[in-house]
There are 2 protein chains.
Amino acid sequence: MTATITAPSRQANFTGLKCKECGAEYEAQAIHVCEYCFGPLEVKYDLSQLAKTITRQTIEAGPNSIWRYRSFLPVETNTPIDVGTGMTPLLKANRLARQLGLKHLYIKNDAVNMPTLSFKDRVVSVALTRAQELGFTTVSCASTGNLANSTAAIAARAGLDCCVFIPSDLEAGKVLGTLIYGPTVMAVNGNYDQVNRLCSEVANTHGWGFVNINLRPYYSEGSKTLGYEVIEQLGWELPDHIVAPLASGSLFTKIYKGFREFIEVGLVADKAVRCSGAQALGCSPIASAFSEGRDFINPVKPSTIAKSIAIGNPADGVYALDIARKTNGNIESVNDDEIVAGIKLLAETEGIFTETAGGTTIAVLKKLVEAGKIDPEEKTVVYITGNGLKTQEAVQGYIGEPLTIEPKLDAFERALERSRTLERLEWQPVLV
Amino acid sequence: MTATITAPSRQANFTGLKCKECGAEYEAQAIHVCEYCFGPLEVKYDLSQLAKTITRQTIEAGPNSIWRYRSFLPVETNTPIDVGTGMTPLLKANRLARQLGLKHLYIKNDAVNMPTLSFKDRVVSVALTRAQELGFTTVSCASTGNLANSTAAIAARAGLDCCVFIPSDLEAGKVLGTLIYGPTVMAVNGNYDQVNRLCSEVANTHGWGFVNINLRPYYSEGSKTLGYEVIEQLGWELPDHIVAPLASGSLFTKIYKGFREFIEVGLVADKAVRCSGAQALGCSPIASAFSEGRDFINPVKPSTIAKSIAIGNPADGVYALDIARKTNGNIESVNDDEIVAGIKLLAETEGIFTETAGGTTIAVLKKLVEAGKIDPEEKTVVYITGNGLKTQEAVQGYIGEPLTIEPKLDAFERALERSRTLERLEWQPVLV
């Protein structure tokens, strides 16, 4: 139940933790806040050393999962928890591109990430591997749903005890998709920010490994793999522009960090990548700061169907803001109707069923294109981070109903005729 | 809308269709029944030719999807519809193995297959690629749910019109997970066998490509990849024993065919593989025939929560029966309670959330082990074919509830104490 301090072995390329604000250094323990300035701690690597040995070939020869990038991840073991997480498809999205008027659009599809169908499997695989190295036997998290699914599933696989915390108003699929693995589930009457505060208190008293609190420096590094994979899958090239959802802002900053690290060790040629972020209007503290030219975040009380990204007080918001500005990107928000339309647009053009966070990202993509903020010639990558089967409530009532018929040919013919007439009468191009 | 006959190009290794019963040969058109004896048609390959060129290395250098095995699949194009389908994880299942008393247990996890989280993405990728080659612009299917999801999604991606047929009592997630892609959905008041009969009539009148009717010879070949992948992922070795679910029996027969083909072209050393099948007691016509020593199937009226495998009149039932017998395998069935327990057991030990079909397979695995019909020393592979998020109704009420608390430390501490007391009082080992 308690954390033990372990010095990195020879196989690890990380050398400790470092405060992002004041630069104070720490051993690689289960801590996440600087003692001096209360800034967030980040993992420190010896990249100059790594640059001497790492090549595209050594990476390509690795496993078909995030662990092909193990040298860039904060674990010591050569046998991390590998359930096939990562290396999700990067699909050329020609039909969606045509609808939007883009030429080179790609979808990075973590709606089919393994094992629990969201990008969270990346961060949890790293966090639980590190949790085991640090001696934890109980793991936990504060979650908007996907993280709870992933922590419970991977903890079950690894044989770790698990207790997760969620807001009590989550979608049914996310609650059931956690309970099934047999963890203790605490449903908190409050929003994510309240859940998160409670968890910080529990982390101080119970000696548990909270993947996104005391293990956060390790956990968050898992998102860098979304940067690495896109580079590798584009044939060892950087994209021109990315669009990703913003919740705490961590994912966004780590994709950027992933790009910079591959440039730094010489795996890819340097190029400016514009980084744009997506928020739901009902929880858009980072987008507001961006549009108002502020460099601080005013916390908000979330009210949106995009619950998985409804973080009113985003821990890494200012860092995301900074990256969007310095890369000449944008941060935009869309309302709940646009989010549902975004989910449908992606499903109908590319056969990908994403959750509300993905609908948000697609709707923001569309908004940015229409505002001339994405050039049709740019090689643009959109990050889809979760699966629509978990947020079925969001689209119920907006996707029509089956035509119910008796098992007879004439019943079918009549229904088909009726549906074609309806189509002619009601047909509207989707979101165009 | 109409099929055109296309002679296989030089790049294809298939030479036509052949009746499985009387051996009559046909051109590779959209037909599936022998004109002479009404037997099922199967694709014919020139394996002796293929054996001269195919190597493990050429396969390993291919894409990370089923299309690395293109030479063994009935398509002509070098650019098939590839959305990352296949190459799902083969996981060593140590925790489940320990619970059951096995030593070498593996899970082939198609619950995370792409894009729609079931093995059907394999057969549909092949069928729609072939449908395009044959000139179809509208595709269709008779489905118990997963096939409808997959056909609608991949048709959307490929820009094909789509109309699917399902029984009207399917799980909500499977209906919504089809509607989202925008096809026409016909919900038929009847069971799968009635849906299937209706579709056979429609196929004769509308000139559509029904993936599992007039395109069935091509479609069904996609399941062979579940055999190929297991061989490759075991390090180019055959397992000793497999356990797979039986619906129409097609999947089972094609996994076996995949094994035999890789032996025939010299990619793997010959070895006897025992093939065992799993059915739900409420729809177990093949298991009944097996236990009663019959070599014919008596059709049944399905009544089980395992709707995705509820086929009362299985088209390939007799072939599955034959394979189980000649490989020294077994066919067993389990009731609905055992199916739910199977879903929970797999989730709690390995972090994999499967649907009712997977619960059936795990419960049958357990039953076979307990009956001494699987040797603990055998290298056993269990096929998990679909995702639990689509059949949430099946486990609702059997997995407990979250503990609802106020966002305060003392509320959490009280809830935790309560849950631990409950655990001590009520604790029962899962399915042991």
Provide the solvent-accessible area of A:GLU393, counting protein heavy atoms only and rolling a 1.4 Å probe, rounded to the nearest 10 Å².
90
Around A:PRO89, what is the net charge, scoring Lys/Arg as +1 and Asp/Glu as -1 over all other residues with Cβ under 14 Å from its Cβ?
-3
Mean separation of Cα contacts under 8 Å (at least 6 apart) over the residue count of the range B:196-300, i.e. the relative contact order in percent, is 23
Quick numbers on chain B, Rg and Dmax over C-alpha atoms in Å, give 21.8, 78
Residue-normalised accessible area of chain A, given per residue in Å² at a 1.4 Å probe
35
Radius 11 Å from Cβ of B:THR15, net charge of other residues (Lys, Arg +1; Asp, Glu -1)
-1
Just checking the output field for B:83-95: average partner chain Cβ neighbours within 10 Å of each residue's Cβ?
3
Can you tell me how the range A:180-312 classifies by the Cα gyration tensor, rounded, prolate or oblate, using a/c under 1.5 as the rounded cut?
oblate
From other protein chains only, count the Cβ atoms within 10 Å of every residue's Cβ in A:342-350, then give the mean.
4
Cα Rg over Rh - the range B:321-414, Kirkwood:
1.15
Dipole moment magnitude, nearest 20 debye, the range A:331-399 about Cα centre, only Lys, Arg, Asp, Glu C-beta charged
120
Using a 10 Å cut-off around each Cβ of peptide A:351-359, what is the average number of partner chain Cβ atoms that fall inside?
4
Using a 4.7 Å cut-off between beta carbons, which cysteines in the protein assembly as shown end up with no partner cysteine at all?
A:CYS141, A:CYS162, A:CYS163, A:CYS199, A:CYS275, A:CYS283, B:CYS141, B:CYS162, B:CYS163, B:CYS199, B:CYS275, B:CYS283
To the nearest 10 square angstrom, how much accessible area does A:HIS32 have with a 1.4 angstrom probe?
60
Threshold 40 Å², probe 1.4 Å: give the residues of the range A:117-153, in number order, that are less accessible with all protein chains present than with their chain alone.
A:LEU117
Highest to lowest packing among A:18-30, A:377-389, scored as the average C-beta count within 10 Å:
A:377-389, A:18-30
Heavy-atom accessible area order for A:THR205, A:THR354, largest first, 1.4 Å probe:
A:THR205, A:THR354
Treating the beta-carbon of each Lys and Arg as +1 and of each Asp and Glu as -1, no other charges, what is the dipole magnitude of the protein assembly as shown about its Cα centre, to the nearest 20 debye?
1020
Within the range B:21-122, count lysine pairs with alpha carbon atoms under 27 angstrom apart where the residues are 8 or more positions apart or belong to different chains.
6
Dipole of the range A:300-347, Cα-centred, from +1 at each Lys and Arg C-beta and -1 at each Asp and Glu C-beta, to the nearest 20 debye?
100
Would you mind calculating the gained length between A:GLN396 and A:ASN64 on full extension (0.36 nm times residue separation, minus the Cα-Cα distance), in nm to one decimal?
116.0 nm
Non-local residues with an amide H under 5 Å from the amide H of A:THR15, with H modelled 1.01 Å from N and Pro and chain starts lacking one, are A:LYS44, A:TYR45, A:ASP46
Relative contact order, percent, chain B [alpha-carbon distance under 8 Å, six or more residues apart]
16
Relative to chain B, whose Cα atoms define the longest principal axis, helix B:356-370 and its Cα axis are tilted in degrees, nearest 10, by 70
Along each of its three principal axes, how wide is the spread of alpha-carbon positions in the protein assembly as shown, in whole angstrom units, largest first?
85, 60, 52
Kindly sort A:CYS37, B:CYS163 by accessible area of their heavy atoms, largest first, with the probe set to 1.4 Å.
A:CYS37, B:CYS163
Going by a 1.4 Å probe on protein heavy atoms, which residues of the range A:369-402 end up with at least 40 Å² less accessible surface in the whole assembly than in their chain alone?
A:LEU389, A:GLN392, A:ILE399, A:PRO402
Rounded, prolate or oblate for the range B:72-195? Axes are the square roots of the Cα gyration tensor eigenvalues, ordered a ≥ b ≥ c, and the cut-off for rounded is a/c under 1.5.
oblate
State whether the range A:277-376 is rounded, prolate or oblate according to the following rule on the C-alpha gyration tensor (a ≥ b ≥ c being the square roots of its eigenvalues): a/c under 1.5 gives rounded; otherwise a/b larger than b/c gives prolate, and the remaining case gives oblate.
oblate
One residue of chain A has its C-beta nearest the axis rotating A onto B; that residue and its distance in whole Å are A:LEU389, 2
In whole Å, what are the Cα extents of the range A:199-276 along the three principal axes, biggest one first?
47, 24, 17
Excluding ligands, DNA and RNA, what is the accessible area buried between chains B and A, summed over both sides, using a 1.4 Å probe, to the nearest 100 Å²?
6100
Return, ordered by residue number, the residues of the range A:251-282 whose backbone nitrogen is under 19 Å from a label point located 7 Å along Cα→Cβ of A:TRP236.
A:258-272
Got the A:ARG325 label distances to the other copies yet, label 7 Å along Cα→Cβ, in nm, shortest first?
7.7
The protein assembly as shown, accessible surface, carbon-and-sulfur percent (1.4 angstrom probe):
48
Of the residues B:PHE72, B:THR327, A:VAL43, the Cα lying farthest along the dipole of the protein assembly as shown towards its positive end, which is defined by charges on the beta carbon of Lys, Arg, Asp and Glu, belongs to B:PHE72
Using a 7 Å Cα-to-Cβ projection, B:GLY372 label spacings across copies, nm, ascending:
8.2
Between A:ARG98 and A:LEU422, what's the calculated FRET efficiency when r is the beta-carbon distance and R0 is 25 Å? Round to 0.05.
0.45
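The values are calculated or read from the model by the stated rules, or taken from the named source; none is laboratory data. Computed from a predicted structure; not experimentally measured. Ideal geometry is used to build each Cβ from the backbone, glycine not excepted, and the neighbour counts take in all protein chains shown. Areas reflect the complete protein model, heavy atoms only, side chains present, ligands, DNA and RNA absent. Shrake-Rupley method; radii C 1.70, N 1.55, O 1.52, S 1.80 Å.
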